[in-house]
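Here's the structure we're looking at; comments come further down.
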Amino acid sequence: MTGSVPDVFDPRLYGQGIPHDRYRLLRDHYPVAWQEEPEVLGWPAGPGFWAVTRHADVVRVLKDSATYSSYLGATQIRDPDPADLPFIRRMMLNQDPPHHRRLRTLVSRAFTPRRIDRFADVVRERARTLLADAVAGARACDGTCDLVARVTDDYALLNLADLLGVPDTDRALLLHWTQRVIGYQDPDEAGTPTVGPDGKPLNPRSPSALRDMFDYAHALAAHKRRQPAEDVMTALATDPELTAPELEMFFFLLVVAGNDTVRSAAPGGLSLLAQHPDEYGMLCRGEAGFTGTVDELLRRHPPVLTFRRTAVQDMELASTRIRTGDKVVVFHASANHDERVFLDPFTLDLTRTPNPHVSFGDGPHVCLGAHFARLQLSTLYEEVCRALPPGHLQLAAQPGRLVSNFINGLKSLPVRVDGN
């Protein structure tokens, strides 16, 4: 902690829990606060950034791409290697309008609600089967199981693989790539960082680190052109307007973001339901709707913690002077608990309305896969109510949290399924 402004950068903080006390201090007194970027976990120091923690300011930054650019320095807190920046800017997530609009239109043609809704029955059967196997296994042993290992990791991964059209034999690759890219700050997920020729850790988003994923994307696309199917990769592979480099980056974005959004949100939501048995009972009895429940659980446990923008020009935000080129980082979990917007923000209210959370972002970069994520989450919670009625979903130990200032991940969720 520097002076009276609390540190909310250190990834190790988030391995212990969301630092809501620090967020509130920032919202109340330093809504746009300067943060240092010291060397941590073997990753080099950075120049520092502005942390934006109030809901209104977060929405303003996300909506105003002309002032707060995704393109100039990309969207992660850490600065990419200058040699990698042109490559990273090819991803839709790291572009600004009008180029971003073109790419979003291209991928939207493949990622249609109609195509996604076709998977509703498959998603439900998968949730039902995974839960039944997990519950049966737990009851055959000591009555406990890890819902991350037994249910939510496979649920998110297999649903995404179906949507993309990845063959069964290759599906483990998706989890491997996700862990490598998303969990790079967590030694349990990433192991010892790969070191480049300069002796610095190799950015997992660099071209060399992603070569195997891109090679696979091209091989899969070639297969889809020979044997087309009703899936997203067929639609992308056969789109005449999509270039080969764009195909690579779309595959990267869909595999990593498409998998980890639900992979992070699902256990987070289940953990909250286990900790709030009265609300869980309301949900299972039909006294709260699943649509509103999904939004409230996303508000309390957003899958993404932060996104970075870069100031295009000198400006003021919340009476704070920001200079051209400064990094500006929005904090989703803080915005979702801003007392200026949400009444009793730390109360889990499954009937909360309105619920203007920013867990799927806002503005031009609002999550393209939100419809698919909502379908999966709503279906999972419905099937959990059937498999584990009230009284049969209890935490057996504290969840294991991902060490990351980017993804709000749970590595384990031990629950007791035997009831009282």
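The values are calculated or read from the model by the stated rules, or taken from the named source; none is laboratory data. Given the structure is predicted, the values throughout are model-derived calculations rather than measurements. Cβ: placed from backbone, ideal geometry, glycine included. Neighbour counts: every protein chain shown. For accessibility, only protein heavy atoms count, side chains too; no ligands or nucleic acids. Shrake-Rupley method; radii C 1.70, N 1.55, O 1.52, S 1.80 Å.
Here are a few things to note about the model shown:
- For Thr306, distant residues with modelled amide H under 5 Å away: His332
- Three principal axis lengths of the chain [C-alpha, angstrom, descending]: 58, 58, 41
- Global geometry of the range 38-112, whether rounded, prolate or oblate, following the gyration tensor of its Cα atoms and the 1.5 cut on a/c: oblate
- Bridging of Lys327 to aspartates and glutamates at a Cα separation below 14 Å is possible for Glu36, Glu37, Asp79, Asp314, Glu316, once same-chain residues fewer than 8 apart are set aside.
- Gain on full stretching of the segment that runs from Glu339 to Asp121 - 0.36 nm per residue minus C-alpha separation: 74.6 nm
- Separation in nanometres of the label points that stand 7 Å from Cα toward Cβ, at Ala56 and Thr105: 3.5 nm
- With every protein chain in place, the chain: carbon and sulfur % of accessible area (1.4 Å): 53 percent
- Under 5 Å between amide hydrogens, built in the peptide plane, is the criterion, and for Asp96 it picks out Tyr71 among residues at least 5 positions away or on other chains.
- Cysteines in the chain lacking a second Cys C-beta under 4.7 Å: Cys141, Cys145, Cys367
- Cα centroid of the range 46-68 to Cα centroid of the range 281-315, whole Å: 18 Å
- Over all projection directions, the Cα-based convex hull of the range 1-50 averages an area of 3.5 nm².
- Largest first and in whole Å, the equivalent-ellipsoid semi-axes of the range 230-322 read 34, 27, 11, each the square root of five times a Cα gyration tensor eigenvalue.
- Dividing the convex hull volume of the alpha carbon atoms of the range 319-386 by its residue count gives 138 Å³ per residue.
- In this simple spin-label approximation, Asp21 and Glu36 carry label points 7 Å from Cα along the Cα→Cβ vector, and these lie 2.1 nm apart.
- Other-chain or far-sequence residues with amide H under 5 Å of Ser412's (modelled H): Gly400
- With a cut-off of 11 Å between beta carbons, the residues surrounding Pro399 carry a summed charge of +1, where Lys and Arg count +1 and Asp and Glu -1.
- In sequence order, calculated HN-Hα J values of the range 300-315 (Karplus, 6.51, -1.76, 1.60; Hz; x Gly/Pro): 6, 10, x, x, 10, 8, 9, 9, 9, 10, 10, 5, 7, 8, 5, 7
- Sites Asp239 and Asp418, calculated FRET efficiency, Cβ-Cβ separation with R0 45 Å, nearest 0.05: 0.30
- Derived scalar couplings ³J(HN,Hα) [the range 366-381; Karplus, 6.51 cos²θ - 1.76 cosθ + 1.60; whole Hz; x for Gly, Pro]: 3, 4, 5, x, 4, 4, 5, 5, 5, 4, 5, 5, 4, 5, 4, 5
- Extension gain (nm, one decimal) between Arg171 and Cys141, 0.36 nm per residue minus Cα-Cα: 7.9 nm
- The range 78-83 - phi-based ³J(HN,Hα) in whole Hz, Karplus 6.51/-1.76/1.60, Gly and Pro as x: 5, 5, x, 4, x, 5
- Straight-distance candidates among the aspartates and glutamates for linking to Lys411, with alpha-carbon spacing under 14 Å and chain neighbours fewer than 8 residues away dropped: Asp146, Asp153, Asp154, Asp186, Asp188, Glu189, Asp260.
- In the chain, Cα pairs under 8 Å separated by at least six residues give a relative contact order of 27 percent.
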